[in-house]
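Rule-based calculations on the coordinates, nothing more; no lab input. Source: prediction; values computed, not measured. Here Cβ is always computed from backbone atoms with ideal geometry, including for glycine, and neighbour counts include all displayed protein chains.
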Amino acid sequence: MSWITTLYATMAALSATLGGVYLAAWLMQREDGSYLLFVALAASVIGVAGIELWMLRAPTPEVYGLALRWLHVPIWSGISVFVILAYLRLRPRFPLIGWLALGLRTAALVPNFVSGANLNYLALTDLDQITLLGEPVVVVTGVPNPWMLMGQASNALLFLFILDGSISVWRRGEGARAIALALGLLASVTLSATHAVLTFWGFTQVPVMFTPLLLFVAAAMGFELSFGLLRAARAERDVEVKEAALSLSEQRLSLAAEAADAGFWSLDGQSGAVWATAKTRELFGLPAAGDLRLGAFLDRVHGEDRTRLEQLIATTLRPNERYRAEFRVADPDGRVRWLAGLGRGVGEPEGPKTLMGVCVDITERRAMLDKIHRQRARLEQVSKLETLAELSASLAHELNQPLAMILTNAEAAQALLAQERPDLTEVREILADIVSADRRAADVIQHLRALVHRGVPQRETLLLEDAIHRVLGLLANEIDDRGVSLALRLASDLPSVQADRILIEQVLLNLLDNACDAVADNPTGERRVSIVTRRQADRVLLEVTDNGGGLSDPQRVFDPFYSTKPGGLGMGMAIVRSIVSSHRGQVSLESATGQGTSVQVSLPRDGGTS
């Protein structure tokens, strides 16, 4: 099939499809006759397309003339639909112009069938071919028929009629759809009339092709007429889909709530009214029915947790803000239970705010965690005692011999020096033995120090962000229990490091534990700790900062056995510096009394220099 045939077949098929759609629409809404008019317009376009294709393939001038004669029939029906639709939709001020245009076009059918070859030519004198879309199509020359002026006068009147309707639409301030329809009709009539004059009066030699212009108008009218129908159908379909999705979502939510034994609630930030499910009321020990306010819920919250929860709610009453908290509630009978709450602010940025959330009873989980923490504390204490016992035994065993030698030799030297004439040569030998024993003791201590330092770290490729999140996963509950607000500012482009994961996580544990201890004396809501990472040249920097009371002598914290905490061993920061140094890193500390503390750890990036 050629390109020309494919093009015209496509336009005819598109018109037939649109006609079928609006025939179905008219059958459903027969009170709206404009749908049936559009079906007639689609049929006219199909007729014009078929006859134009016949003309483009005409073998002789006689066949071309016969085809052109019959072309005026679908053109007449199309113009009739134009006039009626423009009258109904554009409501021109001078409708007589449109009816006159239609009357002239109807009258022109008489000379079309009785005068000459057709309305446009008295006689066709020559038939030629030109190339269009890579294939030959027919063009003709002939003697123009004076009766053709009737059709062109009809076109001029139709132009004026639609122009009058366009101006009326613009003055009435109607919507963009009506204006688009008016402009589409006006452009189509103008181009069609111009094409007819240039072609049939012999100014240009081009094939007759009205179909694309008529199809454009048909599409524009179809859009204008069907917009409401399509919008209604789409709205109805959307409602059905949303209702089905809402029903399914409600079923899933109900099932999830039952499975998790969770309660749902929402807070109107403007009025303070609270909607809550039966499970939520049960968790807070509130009546099963009746209106609820935020104060009724806060009254049930344990006094030590109430202020923190109020601050979280006030902060979260902004769109897209979230909160997660664990807090205690007191039942009327005095029993204390733990709840976990998760909520999110919803609503427009400038409109009313709503906080929606869910809460779950975690009393048993908290009891289990407390038990685990107590067991861990006992194990750590036992482990420390065992380590100290082993270290003491090792020191006693390893240092016993050199110390005994030093003591024996010293006593012998004292005895020799007590003589009237001491043997100095023998005294020198004794002193040399004492020096040797002392060096042996130093070697023992150096060996034990190497054991404490855990030898050479087992290095691997490590992302500092992953290590931070693992440590936070271990300390999340403890940080929350202490009422500490933790801020993370982790660089997104941070390179990896070569490090022993266990040792680096131990450094993070020590630093976070120290920071949480430092802010413990701050009022609730003022306990802040931050973790910041950034890249600096060929190194990766980690900074842990708190707003605690600060240190009077910051540099002493790295000394072994120096501690600012009651009962502390004073080894934490010494271990931190030892681990960091073993990774070719550096650790520094800045602090002042009443101004908080900041610890900076610097490690060489993977592939960087030390």
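Which whole-number percent is the relative contact order of segment 3-232 (Cα, under 8 Å, 6+ apart)? Please report the intermediate quantities before stating the final value.
On the way: 322 pairs, mean separation 48.0, N = 230.
RCO, segment 3-232: 21 percent.
Can you list residues whose amide H is under 5 Å from D500's amide H, if they're 5+ apart or on another chain and H is modeled 1.01 Å from N?
Under 5 Å from the amide H of D500: E460.
Round to the nearest 0.05 the FRET efficiency obtained for L463 and L248 when R0 = 51 Å and r is the Cβ-Cβ distance. Let's see the in-between values first.
Working: r = 40 Å, r/R0 = 0.78.
The value I calculate is 0.80.
Note down the nm distance, to one decimal, between modelled labels 7 Å out along Cα→Cβ at L403 and at W201.
Here the answer is 12.6 nm between the modelled labels.
With each pseudo-label sitting 7 Å past Cα toward Cβ, what's the Q555-V239 distance in nm, one decimal?
For Q555 paired with V239, the spin-label model returns 7.9 nm.
Once you put a point 7 Å from the Cα of A377 and another 7 Å from the Cα of Q29, both along the Cβ direction, what distance in nm separates them?
7.5 nm
Enumerate the calculated ³J(HN,Hα) couplings along segment 47-56 in order (Karplus 6.51 cos²θ - 1.76 cosθ + 1.60, θ = phi - 60°), each rounded to whole Hz, writing x wherever the residue is Gly or Pro.
x, 5, 4, x, 5, 4, 5, 4, 5, 5
Amide H neighbours of G548 under 5 Å, at least 5 residues apart or on other chains, H built in the peptide plane: list them.
Distant-sequence amide H within range of G548: G596, T597.
Just subtract the alpha-carbon distance of T277 and D438 from 0.36 nm times their residue separation and send over the number in nm, one decimal.
On the way: separation 161, 0.36 × 161 = 57.96 nm, distance 7.72 nm.
Extra length from T277 to D438 when fully extended: 50.2 nm.
Semi-axes of segment 3-232's equivalent ellipsoid from the Cα gyration tensor, sqrt of 5 times each eigenvalue, largest first, rounded to whole Å? Let's see the in-between values first.
Numbers: eigenvalues 191, 85, 44 Å².
Working from the Cα gyration tensor, I get semi-axes of 31, 21, 15 Å.
Calculate, for A491 and R322, the FRET efficiency according to 1/(1 + (r/R0)^6) with r their C-beta to C-beta distance and R0 22 Å; round to the nearest 0.05.
Values: r = 23 Å, r/R0 = 1.03.
After rounding to 0.05, the efficiency reads 0.45.
Which whole-Hz ³J(HN,Hα) couplings does segment 99-110 yield from phi under the Karplus relation 6.51 cos²θ - 1.76 cosθ + 1.60, θ = phi - 60°, glycine and proline marked x?
Here the 3J(HN,Hα) series is 5, 5, 4, 5, x, 5, 5, 5, 5, 5, 5, 5 Hz.
Remind me, relative contact order of segment 266-361 in percent, using alpha carbon pairs under 8 angstrom and six or more residues apart?
28 percent
Taking 0.36 nm per intervening residue step and subtracting the Cα-Cα distance, what contour gain separates A13 from D291 on full extension?
Numbers: separation 278, 0.36 × 278 = 100.08 nm, distance 6.34 nm.
Value of the extension gain: 93.7 nm.
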